Amino acid sequence: MSNFNKTIEDEEEGIKVQPFYHYETSVIHKVQHFYISSPIGEPSKYTDMLNIIRCAAPTDTIVLHLNTPGGQLQTGVQIISALNSTQAHVVACLEGEVCSLGTLIFLAADEFVVHDNCLIMIHNYSGGTYGKGHEQAAQLEAVSKWFSSLAKDLYIPFLSTKEFERMEKGEDIWMGSDEIRKRLENMVKTLEKKQKKSPPKKKVKKTK
């Protein structure tokens, strides 16, 4: 904090007054980097990361460096929930091959960085059920609805509706850096048109 001691003569009063006062306030800006570079495991392994993301201040930035084949859906849902609830600005970086659950986490960010020579693969969830026949049928139906709702919110309009339907039927969708960048640009423009009154924060950051 400081003030300037320059003075001027007040012609009417005959006293010396300062022309202005200057004060300085420091704001802490933290940048938290998380590298997800292996299969995503059980939720308990990510508690520290989730807590840091949730508790981050509005002036903070969360940077996710992704190079993962995907992993457990329940963990991904919790990570995405933390990204949606944090006050910080979230940046997701593609830094290799990102598949399955990793692509959902990527699209949950506010800002995207796509490096050259990256690859993503989008597909329907995979897993297994156990128990008696009717129990397995009920579990499969519930998980299918759960995944479909989450995936639709994040994949469209990055994917077209027809592409999303093909993915749900079992098609694997692969694309490289150039195609990813084009789709992200189109996605941001589409979301802005749909929400003109309160446009989304999402934007694409290009890398050299």
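The values are calculated or read from the model by the stated rules, or taken from the named source; none is laboratory data. Here the structure is a predicted model, which means the values were calculated and not measured. Using ideal geometry, Cβ is built from the backbone for each residue, glycine included, and neighbour counts are taken over all protein chains shown.
Cβ-Cβ distances below 8 Å connect the following pairs, each with a first residue in the range 164-188 that is loosely packed, with under 12 Cβ neighbours inside 10 Å, a second residue that is modelled with pLDDT under 95 and not polar (S, T, N, Q), and a separation of six or more residues or different chains: Gly170/His123. A Cβ distance below 7 Å, combined with a sequence gap of six or more or placement on separate chains, defines the contacts here; from the range 47-61, residues that are within 8 Å of Ala82 (Cβ to Cβ) reach residues that are of a type in the set (Gly, Ala, Ser) and in a helix (DSSP H, G or I) in the pairs Leu50/Ala82; Ile53/Ala82; Arg54/Ala82; Arg54/Ser85.
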